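The structure appears right after this line, and notes come after that.
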Amino acid sequence: MKRIRRSDKYQIELTIKEDSFINPPRAIQRSAVINRALKEFSADVEAIDEQTKHFVTGEVDLEIRTINDRTHTKLSDQEIMEDWQIPLMQRMADVICDTKGDILEIGFGRGISSDMIQDHHVKSHTIIECNEQVIIDYFEDWKNKFTGSDIKIIQGLWQDTLASTGLFDGIFFHTYPLNEEEYMKYVQESITFAEHFFPHASKHLKKGGSFTYFSNEIDSLSREHQRLLLQHFSSFSIQVVPLKMPENVKDIWWANSIVVVKAVK
Ligand SMILES: C[S@@+](CC[C@H](N)C(=O)[O-])C[C@H]1O[C@@H](n2cnc3c(N)ncnc32)[C@H](O)[C@@H]1O
């Protein structure tokens with residue numbers, strides 16, 4: 001079976017090779033669901049056409065890109081997190097701190113989101129950070145600003161330390177691939193980098209608690225992304241954050257907006 005959707009600028013062709021594939025009781029049902037899928041894909045392609053008109057050039061050449069292991073390396077401010085992400089950090093902090101409860105943050109970095117979490121006067125703030133240079137250069141000074149607050153730093157990979165923590169009202173996940181292997185596994189093969197953390201987030205949230213992460217989505221959530229969220233969380237809400245992207249951005253993000261997700265257990 002073959003279906004084609006044409007426009008002036010592109011053509012989408014779907015060939016179903018097995019009769020048993022998408023095979024509801026009636027032929028009309030088969031047509032309806034396949035047509036809908038093609039229509040949706042076509043709308044998506046048109047949205048992508050619009051989005052990419054606003055992409056900045058960026059500096060990373062994906063063809064020759066390699067990531068040297070950065071688990072313990074001394075990094076500059078911008079290597080840890082580029083400034084364009086600051087407005088995003090604010091929205092992400094806001095969505096998980098609404099209950100002002102026990103917050104878990106994975107990846108301290110420059111401490112910018114940690115500042116925003118503290119601004120919400122949360123009950124407790126547990127931070128997991130693997131890079132001891134980040135802890136010495138950024139965390140040690142930062143914690144002196146909040147002497148009366150309940151702040152706990154756990155040094156290590158979340159993969160090795162999370163099990164000993166407990167349950168939280170909010171989880172803020174903002175790490176990056178530490179090496180080439182993580183890049184291939186969690187960036188190339190995933191709908192969002194945080195995908196590998198979804199089951200762990202769900203396990204460490206109290207009922208009704210919320211989880212946020214760098215979504216890798218420009219203006220909405222793909223169906224694949226939504227289905228994945230619904231495997232681990234009972235509901236989610238999203239908001240689109242406009243971004244002022246520098247033309248020479250080094251991160252792998254070029255769009256002028258990003259979606260903030262609040263996934264609720
Ligand atoms: C993008 S930065 C976080 C930026 C932070 N949100 C801020 O506002 O400054 C990512 C941080 O996650 C840490 N990290 C990366 N992978 C990790 C892992 N598996 N376990 C713990 N920390 C990790 C890195 O060392 C880095 O400090």
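Hey, any hits in region 177-188 for a residue that's assigned by TED's automatic domain parsing to the domain that holds residue 253, loosely packed, with under 14 Cβ neighbours inside 10 Å, more than 14 Å from the ligand (Cβ to nearest atom) and among the aliphatic types (A, V, I, L, M)? The answer is yes; a qualifying residue exists. I need every pair where a residue in region 246-259 that is on the phi > 0 side of the Ramachandran plot has its Cβ under 8 Å from the Cβ of a residue that is in a strand (DSSP E or B) and of a type outside the set (Lys, Arg), sequence separation at least 6 or different chains. Once the first residue is on the phi > 0 side of the Ramachandran plot and sits in region 246-259, no partner that is in a strand (DSSP E or B) and of a type outside the set (Lys, Arg) comes close enough. Considering only residues of region 109-126 that are more than 9 Å from the ligand (Cβ to nearest atom) and outside any helix (DSSP H, G or I), which is surrounded by the most Cβ atoms within 10 Å (Cβ to Cβ)? Among those that are more than 9 Å from the ligand (Cβ to nearest atom) and outside any helix (DSSP H, G or I), it is 125. Of all residues in region 80-105, those that are more than 26 Å from residue 254 (Cα to Cα) and in the same structural domain as residue 201 (by TED's automatic domain parsing) have Cβ atoms under 7 Å from Cβ atoms of residues that are among the β-branched types (Val, Ile, Thr) and within 11 Å of the ligand (Cβ to nearest atom), 6 or more apart or on another chain, in 97/117; 103/117.
With the condition being modelled with pLDDT of 95 or more and farther than 25 Å from residue 180 by Cβ, I'd like the helices (runs of 4 or more DSSP H) fully within region 1-98 carrying at least 3 qualifying residues. Answer list for region 1-98: 27-52, 86-96.
Would region 91-108 turn up any residue that is more than 11 Å from the ligand (Cβ to nearest atom) and hydroxyl-bearing (Ser, Thr, Tyr)? Checked against the condition, which is being more than 11 Å from the ligand (Cβ to nearest atom) and hydroxyl-bearing (Ser, Thr, Tyr), region 91-108 yields at least one hit.
Could you tell me which of the residues 198, 172 is under 20 Å from residue 230 (Cα atoms), buried (at least 18 other Cβ atoms within 10 Å of the Cβ), touching a residue at least 12 places away in the same chain (Cβ under 8 Å) and near the ligand (Cβ under 9 Å from one of its atoms)?
On inspection, the qualifying residue turns out to be 172.
Would you call residue 67 of a type outside the set (Lys, Arg) and either surrounded by fewer than 11 Cβ atoms within 10 Å (Cβ to Cβ) or closer than 30 Å to residue 157 by Cβ (or both)? Yes; evaluated as a whole, the condition is true for this residue.
Which of the residues belonging to region 112-149 are modelled with pLDDT under 95 and of a type outside the set (Ser, Thr, Tyr)? Listed by number, the list holds a single entry, 148. For region 7-52, filtering for residues that are among the basic types (Lys, Arg) and farther than 28 Å from residue 221 by Cβ leaves 2.
Identify all residues within region 129-154 that are among the hydroxyl-bearing types (Ser, Thr, Tyr) and in contact with a Phe, Trp or Tyr (Cβ under 9 Å, 6 or more places away or on another chain); write none if there are none. Once the filter is applied, which keeps residues that are among the hydroxyl-bearing types (Ser, Thr, Tyr) and in contact with a Phe, Trp or Tyr (Cβ under 9 Å, 6 or more places away or on another chain), region 129-154 yields only 138.
The values are calculated or read from the model by the stated rules, or taken from the named source; none is laboratory data. Owing to the predicted nature of the structure, the values given are computational and were not obtained by experimental measurement. Heads up, the Cβs are rebuilt from the backbone with ideal geometry, glycines too, and the neighbour counts pull from every protein chain shown.
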